[in-house]
1. Kindly indicate whether any position in region 9-28 is modelled with pLDDT of 95 or more and crowded, with 17+ Cβ neighbours inside 10 Å.
2. Kindly provide the set of residues from region 70-94 that are among the β-branched types (Val, Ile, Thr) and farther than 15 Å from Ile110 by Cα, ordered by number.
3. Give me the strands (runs of 3 or more DSSP E) completely within region 118-195, filtered to those with at least 1 residues that are away from the ligand (no atom under 14 Å from the Cβ) and touching a Lys or Arg at 6+ places or on another chain (Cβ under 6 Å), ordered by residue number.
4. Does Asp191 fit the bill of being out of contact with any helix residue (DSSP H, G or I) (no Cβ under 9 Å at 6 or more places or on another chain) and acidic (Asp, Glu)?
5. What do you reckon, is Ala84 more than 16 Å from the ligand (Cβ to nearest atom), within 25 Å of Arg250 (Cβ to Cβ) and buried (at least 19 other Cβ atoms within 10 Å of the Cβ)?
6. Would you say Lys225 is within 26 Å of Asp63 (Cα to Cα), outside any loop (DSSP other than H, G, I, E, B) and either modelled with pLDDT of 95 or more or within 16 Å of the ligand (Cβ to nearest atom) (or both)?
7. Could you please let me know if Leu41 is more than 16 Å from the ligand (Cβ to nearest atom) and surrounded by 23 or more Cβ atoms within 10 Å (Cβ to Cβ)?
Amino acid sequence: MKETNDWNANNYNKHADFVSILAAPVVKLLNPKKDEKILDLGCGDGTLAIDMEKVGAKIVAVDLSEDMVKKTNEKGIEAYVMSATKLIFQNEFDAVFSNAVLHWVKEPEIAIEKIYNSLKKDGRFIAEFGGYENIKHLIDAMQIVFDMHPEYGEFDNPWYFPTQEEYKQLLQNCGFEVTYIEIIPRPTKIDDISNWLNIFANGIVSHLTSEQQNNFNNEVREILKPIIYSQKDGWVVDYVRLRLRAEKRRLEIENRI
Ligand code: BEZ
């Protein structure tokens, strides 16, 4: 869930279905149970929400993309357009679950506070997202292309990839007990770097003409090809995951702030 809302669910489903396919370990860490009420923060097209409802949990899903929320609603899941920093829930959920979303949130303290407030006492927050040095090759290549073209302006990196120490501290500052946190390198096969750039990096070049955007994609691709492409494996992106479980031990945090 990024801070804009123009994701196209069909395009995402065609080229980025690996995001939910590779989420099995974090769903396992969540271990959803019958009758639990769970918030799926950044539900995408609802694929994981459906899996969680199959065990009898009640899922409320939110995402910034109207198209994704529509798709999730069509699958019978209660879903709303809402950002991580504007969650409106108070002491409602047994768990907050979030996959591949929180690296889009540049105000992590606010999101963590909203997540904390959404949970019931003893509720758990289970998340996985991009951790320190995630997609480093891609970011370096994008920076090089921006440097080559001063007319493109500054490269405005939209992502937040914290270390485990940094994120643990933020969680603890908010009152969470962090019971598990780990950085996990996970090289990830994708179909084609151009599709990845069109889906995930479109916001970075949205101020450019379509000719400049094509040029940007081609140049990033050329730089990356000798580094992350091989005949044998195709395109493999240097993903690094930050996976965590944190638990809410006290009720409100308003008293503390
Ligand atoms: C990620 O899941 O790590 C990711 C996805 C899109 C853009 C940046 C990072």
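The values are calculated or read from the model by the stated rules, or taken from the named source; none is laboratory data. Owing to the predicted nature of the structure, the values given are computational and were not obtained by experimental measurement. Here Cβ is always computed from backbone atoms with ideal geometry, including for glycine, and neighbour counts include all displayed protein chains.
1. yes
2. Once the filter is applied, which keeps residues that are among the β-branched types (Val, Ile, Thr) and farther than 15 Å from Ile110 by Cα, region 70-94 yields Thr72, Ile77, Val81.
3. Once the strands (runs of 3 or more DSSP E) in region 118-195 are filtered for at least 1 residues that are away from the ligand (no atom under 14 Å from the Cβ) and touching a Lys or Arg at 6+ places or on another chain (Cβ under 6 Å), what remains is 119-130, 176-185.
4. Criteria not met by Asp191.
5. Considered against the rule, which asks whether it is more than 16 Å from the ligand (Cβ to nearest atom), within 25 Å of Arg250 (Cβ to Cβ) and buried (at least 19 other Cβ atoms within 10 Å of the Cβ), Ala84 comes out as no.
6. No: the conditions fail for Lys225.
7. Here the answer is no, as Leu41 does not meet what is asked.
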